[in-house]
Every structure is written in C-alpha cells, then in structure tokens.
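Engineer: Sharing a structure below in structure tokens format, with a few things to ask.
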Amino acid sequence: MVPQIRIALAQVNSTVGDLAANSAAVVDWTARAAAAGARLVVFPEMMLTGYPVEDLALRASFVDSSIEALGQTADRLADAGLGGIAVVVGYLDRKAGLRPRVGLPSGAPLDAAAVLYDGAVVVKSAKHHLPNYGVFDEFRYFVPGDVVPVVRLDASAGSGSGSGEFVDVAVAVCEDLWQDGGPVAVAKQAGAALLVVPNASPYERGKGTERVELCLHRAAEAGAALAYVNMVGGQDELVFDGDSIVVDATGAVVARGPQFDETLITVDLDLPAADPAIPDGDTTADAHDGTTMTIRRVTLPPPPEPARASLQATTALAPRLDDLCEVYRALVLGVRDYVRKNGFASVILALSGGIDSALTATIATDAIGADRVHVVLMPSKYSSPHSVTDAEELVKRQAVQARTVPIASVVTAFDNELHLHGLAEENLQARVRGMMLMALSNAEGHLVLTTGNKSELATGYSTLYGDSAGGFAPIKDVPKTLVWALARWRNQFAEKAGEDQPIPENSITKPPSAELRPGQLDSDSLPDYSVLDKILDDYVEKDLGAADLLAAGHDPAIVQRVIGLVDRAEYKRRQYPPGPKISAKNFGRDRRLPITNRWREPFGPPDDVGTP
C-alpha cells in the first residue's frame, strides 16, 4: 500500500514583534489541524516574529526573544496535547561561530524554520537564497542557511492508512523556491517525497499565476509533492495574500487556499515510502549553486494517539478573484491591518466629493466599518455645489461619521497676514485642510488617511503638509485610471449583492479637479490620465528611459514633460505616508532614487521633442 499522509497548511496572519500572540496562534491553529486529523502542519515564514522584521533582526534582544519563543511554543504544544503533530514554524535565529566582520549582518541572524515535535525543537534550518531586489533587503539582515532538514514521519499516524511506513519531508523557505539550486536541488538528492515551503510572499497584481507555475516547476525539479504556505495580512506597505498551494508529484494542483483570508487547508497526499536503509544523521550535498549544503535526517517517533481515519480532508481549490476584486481586497486588508496592528480605533479623512476621497472612504468603511470612519467636508469659496452634494450623498449612502468645517474664514485669516497669490494661495487651502485633519486626529485619536493616488504622487500633483499630510495612504499605489475602475467595480459589486452603490455616480463621471481656483481641472496641469498612466507605467514601473519611451510610441512632448514632473517630485514622495503595495513597483520600498540628483533623461535637440 502506498503511504498516505494528511498535511495542513495554516495560512494565517501574524503581527511583527508580537511573539506571544503569534505563538498562541501557532497553538490554536495546530489544534485545528489536529481536529482535522493532520500529521503535519506548516506555518508561514517567520511566523513567530512576523515578517518583515527589518532592523529588528540586528537587535540581539529580539533574536534572543524569538529563540526563547520557539522553545516555549514547543512546550505549549505538548502541554495542549499536540506534541504528536509535527509543526513547521518560521522564526528568527542566529548562526553561531561566525566572527563579526564588516559586511556581515550584526549577530549573523537567520530567517529560520524549525520542526517542533513532542515538546522539543527537533531540527532547525534557515533560508538559503536571500532576496535582495524589489522590497527585499535580506543581505542586510540575514546570513544564508546551509541545512536542508529531512524529517521522517510515520504516515499511518494521521490519516489512518495503516501502512506502517514512513515518508520523508524536506523543508525550504520562500526564496529558496524562486532561485535555481539550493534546497530544491538538495531535496531531490535526498529523495524527499514532500517539500514544504513556508512563505511570506507579498501581493502584487498578476503574481498568483506566477506562483502556480513556479510551484509546478519546482515540484517537477524536486521529484516530489510540494506544499507552499503563504502568510496573509498587512504589514506597513506590504500585503500578504495567502493563496497557498499544494502540488502533487504528478504536477497536479490538488489544493489552493483563498486569497486574503485566514484558513486551514488540509490535504491527503499519497507519497512514496522512505528508504529504511538510509539512517538519520548528516550528509553533504552539492547544491548546484556553487555551495555545499548539509542534509540533516531526523526520524520522528509515532505519536501515541490513534489514527483518525474517519475524518475527511478539506481539500479544495478556492476560486480565484478577478483582477479588480483582488486589488480591492488587498487595499482593504492593508488598511484594516494597519489600523488594527497599530492600535487605532478609528480613521479620519477629508471628503471632497471627488473620486479619490470617495474611493478611500469606501475602502476604509469596508476595512473597519462605517462607525469607525470619520470624514470632514471642508468646502472653500472655490468648492462647487456638486462637490458638497456628492460628498453629502456618500455620507448618506455609507453612514460614515461626518462633520462640515468650512475653511474660507481660516484661509482668509492666513491670507490677511501673508498676502499670498497664485500657487501659494492655492496650496494654502490644502494646508489648512491638512492642519484641521491633524488637529482632529490629535484631539480625538483618529488615524489620518491621505487620499492621493499614484498618478498624483508620481507627478508631484499634491501639496506638502496639505493633502499629503497623514498617517496612511490607501490608494498611494493606485493609478488614477485604476481608481475609476475600482470605484465602478465596487458599485457593480454592491448592485449584484442587492445593496446601494456606495459611491455616487457623479463622483466617478465628473472631470477631476482640486478646486483650488475658479474653474480648475486636473487637465490644466496634467496630460489626460489615460495617456499619463501609460507613460508612468513604462517610466516608473518598467524603468524605461526616454529613448525607449519614444520607441514605445509615446508622444515626445508629453514624455519630456512627464519625466520632468516625476523627477522633480522625488522630495515630495519621500515625505508621503506609507500605503499598500499592489503593483510591481511602488513608491517606497520598491523605487529608491536620490532626491539631490542632476541626472536628466537625454532627449534629442529641442526641435525633436517639441515644446514641453
């Protein structure tokens, strides 16, 4: 009989630095796995510490606390009667015996994973491939691991197969799956039947398909089934979307978790039996990446409790969300967790009647509830009647907490002293609004949400200490054209559910305007957003230079103008609040350019590009 083992993937949300709560979650979700008859449960990368911990990894006291929490978690599992389940959990460790030197992360931290069983830490390993691109800086924080654990489990103990045979399970960590060589190659040499991979892989549009293809490729390379468990939740700019995957050795996707929700995925896998002639202990293996790794084999004794043959695994292929739905869910989760994990009871934002503030208010309401969302209508002498009525209509539809504070008299008081004109006068209005929001935040404890979108942020179309003032920026990584698309999608979603559309139609269809002077429109200062966003996608996200932008067919005069706007606005972006990343390259962790920078993209003679 072919051995069968039931495994569980705990797709859960941990909080950076909250080791006690994260440890309690491991015990809780392991109990759920036990109730489902699982023999093995796998948690996400750095589950005990949360991820990413950034420079906390370099603090010895935090590393000590993580190591201590690991041992305490093993004890708690045993005390709860869960010692007979093998638990793979991520945590922060250190590599002993490395002499300090320049260029080595202080304390030699490890992005580690451990197998807990019967009240003990049975075997430890750490991420071998350290990503140093995009949002990742892991050369700064960690040293590479060099051990691939292979844990031998009694397959009959969980699913009731009665085979009496064992299976070999190898462990790799996140980036080890994305790079050639290393633990995947070593797992193949070790003859592992199953490769489990804890992950903390951030969301970005289109990444789900890439993950599935990766898992299929690496399963075939390892000659083994593969279980990929991903974190879910928000952490500052990053959103983790879950979407955990199990692939069997034939290349079939046999289980897939939902996006953006915590869940326990259980699946029964038919696996080849381990070779009883191979003993426990250490052997070396060529990792096929220029390094040598250690295969560390450990056999776990069968647990004392009887098998649970009557229980059914909850194997399922969760339906995929469409593109706009998954983007919206990412934004909602990012806001919800930023508010919750930072201890805010409520949020506050300026509601202008325009599309950006309307979408931001809607995201906030979906994230934390209308009773915790406060909006302030701050009309000026330039505010159009429809802006006020559109804002009031949104308040009525969503039942958010609203107040109206006209700003004309405050702006006049400043102007009487400063005698401002032109752009300075326009920006004063935005700064008065920002000041009022921050004052209410200080007085009442709200988190201020800014409402700027990625197109505005890219071109500097915002006011420092005005509409850019705040603590979190929900649509910071959302281009203007996507703002409109998300608003329409959210209204359609409500309509299909038999609910009132949350966003007034006029907020979506009217021409966008900051309304800081009579008759002002965004198109007075910026190209049409349908044109602008395509150039920004190529220049910001794809890093195309001027020549490549022109070769792509963009208008030369508009390209030169947009590049100038983007390059000059770097100082503004550095002072903008964080916001959820949903694109391949966001402003913040992904894109880092000097503020003081005289480099300008070379264009041909002025006659070649027209008048900017």
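The values are calculated or read from the model by the stated rules, or taken from the named source; none is laboratory data. Everything numeric here is computed off the predicted structure, so don't read it as measured data. When we count neighbours, we look across all protein chains shown, and the Cβ atoms used for this are built from the backbone with ideal geometry, even at glycine. The accessibility values were calculated without ligands, DNA or RNA, using every heavy atom of the protein model including side chains. Shrake-Rupley method; radii C 1.70, N 1.55, O 1.52, S 1.80 Å.
Engineer: Given a 1.4 Å probe and heavy atoms of the protein chains only, how would you sort Met436, Met46, largest accessible area at the top? Show your work: numbers first, answer last.
Structural biologist: Numbers: Met436 30, Met46 0 Å².
Ranking Met436, Met46 by accessible area, largest first, yields Met436, Met46.
Engineer: Can you list the residues of segment 327-354 with backbone N under 20 Å from a point 7 Å past the Cα of Glu541, pointing along Cα to Cβ?
Structural biologist: Answer for this model: 327-335.
Engineer: With label points built 7 Å along Cα→Cβ from the Cα atoms of Val253 and Asp137, find their separation and express it in nm.
Structural biologist: 3.4 nm
Engineer: At 7 Å along the Cα-to-beta-carbon direction for both Asp79 and Ala21, put a label point, then send me their distance in nm to one decimal.
Structural biologist: Going from the Asp79 label point to the Ala21 one covers 2.0 nm.
Engineer: Relative to the present Cα-Cα distance, how much length would full extension add between Arg205 and Lys396 at 0.36 nm per residue of separation?
Structural biologist: Working: separation 191, 0.36 × 191 = 68.76 nm, distance 3.27 nm.
Stretched out fully, the Arg205 to Lys396 stretch lengthens by 65.5 nm.
Engineer: Now for a separate question. Beyond a 23 Å Cα-Cα separation, which of these cross-linked pairs lie in this structure: Lys95/Lys127; Lys510/Lys572; Lys510/Lys585; Lys381/Lys510; Lys476/Lys510? Spell out each step's value before the answer.
Structural biologist: On the way: Lys95/Lys127 12 Å; Lys510/Lys572 27 Å; Lys510/Lys585 29 Å; Lys381/Lys510 19 Å; Lys476/Lys510 21 Å.
From the list (Lys95/Lys127; Lys510/Lys572; Lys510/Lys585; Lys381/Lys510; Lys476/Lys510), the Cα-Cα distance tops 23 Å for Lys510/Lys572; Lys510/Lys585.
Engineer: Rounded to the nearest 0.05, what FRET efficiency do Asp322 and Leu104 give with R0 = 60 Å and r taken as the Cβ-Cβ distance? Could you check? Show your work: numbers first, answer last.
Structural biologist: Details: r = 46 Å, r/R0 = 0.76.
With a Förster radius of 60 Å, E is 0.85.
Engineer: Multiplying the sequence separation of Asn442 and Gln72 by 0.36 nm and subtracting their Cα-Cα distance, what value in nm do you get?
Structural biologist: Values: separation 370, 0.36 × 370 = 133.20 nm, distance 3.96 nm.
So the extension gain works out to 129.2 nm.
Engineer: Assuming R0 = 41 Å, what is the FRET efficiency of Leu521 and His217, from their Cβ-Cβ distance, to the nearest 0.05? Don't jump to the answer; show the numbers that get you there.
Structural biologist: Numbers: r = 50 Å, r/R0 = 1.21.
Efficiency, rounded to the nearest 0.05: 0.25.
Engineer: Test of understanding: what is the full-extension gain from Glu425 to Val405, defined as 0.36 nm times their sequence separation minus their Cα-Cα distance?
Structural biologist: Numbers: separation 20, 0.36 × 20 = 7.20 nm, distance 1.91 nm.
Result for the pair: 5.3 nm of gain on full extension.
Engineer: Sticking with this structure for a sec: Within segment 489-518, find all residues whose amide N lies under 18 Å from a label point positioned 7 Å from the Cα of His386 along Cα-to-beta-carbon.
Structural biologist: Of the residues in segment 489-518, 503-518 have backbone N under 18 Å from the label point off His386.
Engineer: Right, next: On a 1.4 Å probe surface of the protein chains, which of Lys476, Lys572, Lys381 comes out largest in accessible area, and what is the full order?
Structural biologist: Values: Lys476 10, Lys572 40, Lys381 145 Å².
So, going from the largest accessible area down, we get Lys381, Lys572, Lys476.
Engineer: Here's a follow-up. Can you give the FRET efficiency for Asp280 and Ala60, using 1/(1 + (r/R0)^6), R0 = 35 Å, r = Cβ-Cβ distance, to the nearest 0.05? Write out the running numbers ahead of the final one.
Structural biologist: Numbers: r = 33 Å, r/R0 = 0.93.
Taking R0 as 35 Å, the efficiency between Asp280 and Ala60 is 0.60.
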